[in-house]
1. Which value results when the Cα radius of gyration for the protein assembly as shown is divided by 2.2 N^0.38 Å?
2. At 0.36 nm per residue, minus the direct Cα-Cα distance, what do A:Arg283 and A:Leu45 gain on full extension? Give it in nm, one decimal, please.
3. D for the stretch A:185-231, whole µm²/s, Stokes-Einstein with Kirkwood Rh over alpha-carbon pairs at 25 °C and 0.890 mPa s: what number?
4. Lys/Arg Cβ at +1, Asp/Glu Cβ at -1, dipole of chain B taken about the Cα centre: which of B:Ser205, B:Val262, B:Gly218 is farthest positive-ward?
5. Quick one, what does Rg over Rh come out to for the stretch A:260-408 if you take C-alpha atoms and the Kirkwood Rh?
6. Restricting things to alpha carbons, find the Rg to Rh ratio for the stretch B:107-188 using the Kirkwood radius for Rh.
7. Taking amide hydrogens as modeled 1.01 Å from N in the peptide plane, which residues meet the under 5 Å criterion relative to B:Asn163, leaving out close sequence neighbours?
8. Can you give the alpha-carbon Rg of the stretch A:533-630 over 2.2 N^0.38 Å, where N counts its residues?
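No value in this document is a laboratory result; all are computed from the given coordinates. Quick caveat: nothing in here was measured; it's all calculated off a predicted structure. Note: ideal-geometry Cβ built from the backbone for every residue, glycine included; neighbour counts use all protein chains shown.
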Amino acid sequence: MAIETQPESAQAPGGDDPGGTPRVRNFWLRPGIHTAVIGAVIGYLLGHWLGDFIAGGYQQSAASDDNDFAIVLGFSFLIVGWLIGLGVFDDLMRQMLGRPIRSWDDHSANVGFGRYFRYTLDHKVVGLQYLVGMLIYFFTGGLLAIAIRTELLSPTYHVMSPTTYLEVVGEHGTMMMMMMTSVILGPFGNYLVPIMIGSKRVAFPRLEALSFWLTPCAFLILLSSFLLGGFPTGWTGYAPLSIQAGEGMDSYAVAFGLMGISIILAGFNIVVTIICYRAPGMRWSRLPMFVWAMLTTGFLLVLAAPVLVGGMYMIVTDRTAQTAFFIDQLGGSSYLYEDLFWFFGHPEVYILALPGFGIVCELLPVFTRKPLFGYKIAAAGLFGVAILSFFVWQHHLFDSGMDPDMRPLFMLTTELISIPTGLIFLVALGTFWQAKLRLTVPMLFAIAFFFNFLFGGISGVFLSDVPADTTAHGSFFVMAHFHYTIMGGLIFAFFGGIYYWLPKVMGFTMNERLGKIHFWTMFIAFNSTFMPLFAVGLLGQPRRVWEYAANLQTLNDWVSISAFCLGGSMCIFIFNFVMSTVIWRKRAPQNPWNARGLEWQIPSPPPVDNFAQIPVVLAGPYEYGDPDALPVADLYPPAGVIAGALVRTGTEG
Amino acid sequence: MAAESPTAAGTRVDGRRDGFWLLVLWIVLSVIGCLLVALVLGPHLPPGDQSSSAASQQTDFTVLGTIATPVVLGVLLYIGWALTFWRQKPGDETDAAPIHGSTRISAIWIVSTSVIVLALAVYGTIELITPAGAGAGQGPQPIWKPAGTTTSSLTSWTPGSSNILQVQVIGQQWAWTYRYPQFGGFETTQLMLPVGEPVQFNVTSLDVIHSFWAYTLGVKADANPGLNNVAYTTPEHTGYFQVRCSELCGIWHGSMYDTGEVLSVPAFLKWTQTTKVQLAAVTKILPPYALTYDPTNIPAGKINTALGLTSAGGGYYNPADPEQP
């Protein structure tokens, strides 16, 4: 619990050694993204050569065009080479050689713009790296979605071959699902959680930086699938199709598994940070709701993602080492993959939803000028969703032919999730009651979150019901449902978060007029895109099809044109984002929203150390309208206060 | 639900009784909305009423839609009300009244959502069990069978008897074929069913996972390689119906569709007799009827090699001779 008094964590044992600090090399010789690329290329060539060497003895590889050994080993060595090039193992080597290592708060080697392209231990740099990275992945996935909708303009006239179409569908789905797991926890979680809990650091700065630097690697490997013929399975990668598929499938398995490792590290770091690095006085009952959401999300990541990594590992060995985890004829089971995948996949859906809940719960009190209605109810809602999410995965398999006895049970557990989700709605609606709404851009996104999530949630009840699911399963209805929850929920909250926190994070205000234009075009185009897809699905169009019934062309064309408008709306955001942060650079005041959150009490952008000294938290973050409320924290507590506060929080446990 | 006031009276300085009017509006809108959904929209909801399972799904959609309507309308009305009346006036920099919560409102909310959810789960279970699994694939050992049917004979079928009609659905990349074991075991690309007779679909696959979706019949069952997946329905009206694959199965997944037809019983019997004769020569060289087939008998790997295919080309991992990974 103690931050100042505790010795440096075990990760930096040599930080205070009198042996001096590590030598700072010339700019180009310092490890960074350029050395990482060199390392990756060398690693891939080495691995590919080794794979060819080993596989030469296998009749299976010799007899077919595929050499999955070489590809997988190439990717594995690529990852290692990338990390060596980045300097991830530098401190480890220094430690083994008995040299002094970098301390978590030594940022002398990381100044200037170059720090955004290096492996740094500053959680704020990692947060911004995540923000830009996630936006790039999101827009790449969005372009693929535009390509899908272009193909679906006509039921019979095709702009792509079916192979290309499935490549694009698979890349879109996988890329989006990979980035969505980190889209809020990565940028906002890493950047803001330490500040919100009054800490100068995260628990594991090296793991945090590693979790980010694995993502570019994962996305490049995923995109390399295009060069290897793509993968025909969509983002779910069902066996045995994934065992049958060509070399592009290796990209999918390695990339998704790598992303799984990245999110395990990110979640672990966030959970430990929140539990161990809260400032004195930051009791559980004063924790901002966003931090609660990050805590529950972190737990889900740590508990669910290993199953994904295991599943992907099994796919890789099935494809290379002739194991038979998922091959029925050899004693495996294709059901095993479905179970493994969805045992990760359904908690993942809530990994995507909970951060969105956290952000809107953070925005509502600020812009309604009221305390959060039922703080404990909101936290209970988050935990309820998180716990229940591990007991519902079979609802993806209602038609699969698995033991029908389990269907009533999983129908019940799935529907039970609407109770904790309903609690979040109760909190939101209660907070609205006789409020003084300020319709700023972040608030518009927060309100739209509830509008969209309402439809996403209600359609989910239809899908949880086995008879209704018989028709809706595997159709565009499902597609519309999860786009409503993920894009309409998570991404709207993400944009709300950007508009809300960018003044703090970068110190620049986004243009409000453009922000409102972005909001309204996005809101209208989003609903116009995905609302008709509920009907398209119920009228009998399965997902991921390349041809569809001619009578559905009008609806599909409407959806496609709306999707293009949605893409245009994103261009408005990119323009606003780039202009506001690079060209206009309008300085933001320290606390433009007049918010009580601890992060707003420090300068914008936050100084390197976050706080001059560890603050003492005095009150909860949502005490709006209460004239007797204490300020949220004492940023310059007199000496001795911390010791007293430490004793108090220590006894509270 | 949402419309109750946390403060006792629910009145404001300007005298508007928010809680009262929200409640009144909500009730009025809900009654209108529910009636529209249940009576006007409901009978037109997919998948229609061509079979017993489709009809039960349509009822289910209607019931769920009717229950969802007040919830959706309540939340939307409330948000709309907030956006209309609870805005901060220009120049007003003060905060609103601090309300930290209300045990009464929270309790009402939790109890009402729990009741709705539990009722839905009970209703869903009943709707799942009574129409013989609601058309969903139940795996090799189905537990909810159509009332009064048996599987007494796999080699003959007479209309009106308790012996259920067996239709085997075989998925492969990228087409459906159908086998009728009770008519000599011929395998055809046409799916024909008699009206008014319960049908047992035995769905299996030869290569990867497909999903047999007879849309207006309200039947969906995954076709898994090496596994039998049973689904039941009873067609109630003659006419055509769509068959699609609803599980991604490779590059031509989007083109894996078909049209089936529900015929009158005499027309169905006539069709089986002519088809049986037509296909007699083919039936002889088919593997004997079984619930699953060994896909390794299919020399797809060699076809792939001949065609120069490297991606998903209809091949399958061959356990004896792993030349096609």
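1. 0.99
2. On the way: separation 238, 0.36 × 238 = 85.68 nm, distance 5.22 nm.
Full extension of this stretch gives 80.5 nm more.
3. Rounded, D is 195 µm²/s.
4. Of the options given, the answer is B:Val262.
5. Computed over Cα atoms, the ratio is 1.10.
6. So for the stretch B:107-188, dividing Rg by the Kirkwood Rh gives 1.21.
7. Excluding prolines and chain starts, which carry no amide H, the hits are B:Thr150.
8. On the way: Rg = 24.4 Å, N = 98, 2.2 N^0.38 = 12.6 Å.
After normalising by residue count via 2.2 N^0.38 Å, the value is 1.94.
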